[in-house]
Amino acid sequence: RRKKKDDSISEISTIPNPFPELCCSPFASVLSASLLPKATSRKTQVIKVYSEDDTSRALEVPRDITARDVCQLLILKNQYTDDHSWTLFEQLTHTGLGRALEDHELVMEVQSNWGMEEENKLYFRKNYAKYEFFKNPLGFFPDHMISFPSETNAAISHSEILQMFLSSSTYPEIHGYLHAKEQGKKSWKKLYFLLRRSGLYFSTKGTSKEPRHLQFFCEFSNSDMYMSLTGKKISGAPTNYGFCFKPNKSGGTRDLKQLCADDEQSRTCWMTAIRLLKYGMQLYQNYIQPYQGRSGCSPLNITPMRSISENSLVAMDFSGHRSRIIENPTEALSVAVEEGLAWRRRGCLRLNSHGSPIAMSNMGMSIHRSQSWFHHKISREEAQRLILQHGLVDGVFLVRDSRSNPKAFVLSLSHGLKIKHFQIVQLEDDGKLFYTLDDGHTRFTDLIQLVEFYQLNKGVLPCKLKHCCTRIAL
């Protein structure tokens, strides 16, 4: 009888349910697919990012977001120019250590290694030295610190040295003296170190490279490399050029393997070689990613693209009824000077029309204060720290007040992995005030003229002014 009843029910046509999402039958879905949370939805988390002036911004981001993606997000939100030199910088406040995150690193994984009681920070800043070794590898690896395989010819080209660093079979040997802090002690010992593909070693007998004299020091797969930001203060290092290796799950300073170089060139060489050894082709992929898709780009043979700001600037003449692009560089320079003088004259007239003769006379003395490259009343040490944060690339600069001469200024400039300081003095001639770097041979009415001139001409400086140090705000 039950079978007959079931057969009669099956013959009745099914009536469609107008409200399927309210149906609770075990044979039907409770909620439509659009109302259910997707199984592949990405979990989010809030991170806080700081800028150089200690302003901060909270961002809600996916848990699998990379350092490059965070930088791109902040660039868009703040409408900055993307010149591929922005970076996230991890600063460990308690230990005085810091490092620039690689573009491919997951930000949440980095933060997961922080202790609950530690006040660590992520900074959003410029780092012009981020991939500079790909453009000029020979400048990062001095001859006395690098040894190539015996079968390699004496002359190494630009592309060959990059191929050797990125190759999985061969790797140049980096060697030299470093100060190492002994485990559990406050003392430092100077040892001869060698960097090979299998890790970092030191010699127990002078500069011997025999296997029986080499002792293993550190490998890099489970640790991160940090730069010492406090110099000698916390670790008592013999110099200010310290760096160390911190295990990913470190319990504190007792697990740090601390080293110290004799100069900045040596530290830069060691740290660059270890970055290349640890990340290899991933680092190169990070470098070429902004250029992929552009014609003429091939691996290990890339002409560095100029920044977006440089590509979008052309010399144009707007003095006539019809604008035109100026092709002749000499004419472009003269037009720029004339336009600058006309702008200053118009500024003086505006001040005069408001009845401010004092402001008009002091205009050339204070006009530089609004420029991003000018830093008011910072010390020599602070200037060096700012330039170091932006990367020791030739041409990174800032202008600051002079502490020794209240009427003078100082141009701080990076060149040859060193920071040099040049005093800008004031000269008075025929009742007019000028600024000069070369004892009056070249004179400028204000600091803006001076900076613009040395951005186009090397003059008495070791190199042109290329990248200014600026404190960004979020």
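The values are calculated or read from the model by the stated rules, or taken from the named source; none is laboratory data. Since this is a predicted model, take the numbers as computed values, not measurements. For the accessible areas, the whole protein counts, side chains as well, though only heavy atoms, and no ligand, DNA or RNA atoms are used. Shrake-Rupley method; radii C 1.70, N 1.55, O 1.52, S 1.80 Å.
A few comments on the model shown:
- Taking all protein chains together and rolling a 1.4 Å probe, W114 ends up with roughly 50 Å² accessible.
- Average silhouette area of region 370-468, convex hull of alpha-carbon atoms, in square nanometres: 6.1
- Accessible area per residue in Å² at 1.4 Å probe, computed on region 44-126: 46
- Largest to smallest accessible area among K466, K77 [probe 1.4 Å]: K466, K77
- Under the Karplus curve 6.51 cos²θ - 1.76 cosθ + 1.60, θ = phi - 60°, whole-Hz ³J(HN,Hα) for region 269-277, x wherever Gly or Pro sits: 4, 4, 5, 5, 5, 5, 4, 5, 5
- Accessible surface of region 44-126, 1.4 Å probe: 46 percent of it comes from carbon and sulfur atoms.
- Accessible surface of R275 - all protein chains present, 1.4 Å probe, nearest 10 Å²: 50
- Note on region 44-126: antiparallel DSSP beta bridges, both residues inside, total approximately 90 percent of the bridges counted.
- Solvent accessible area, Å² - K407, 1.4 Å probe, full protein context: 150
- HN-Hα J in Hz across region 55-64 - Karplus 6.51, -1.76, 1.60, θ = phi - 60°, x for Gly and Pro: 6, 9, 9, 8, 10, 9, 10, x, 5, 9
- Couplings 3J(HN,Hα) of region 97-111, computed from phi: 10, x, 7, 7, 5, 5, 4, 8, 5, 7, 5, 5, 5, 5, 5 Hz, in residue order, whole Hz [Karplus 6.51 cos²θ - 1.76 cosθ + 1.60, θ = phi - 60°; x for Gly and Pro].
- Convex hull of alpha carbon positions in region 45-166: directionally averaged projected area 10.1 nm².
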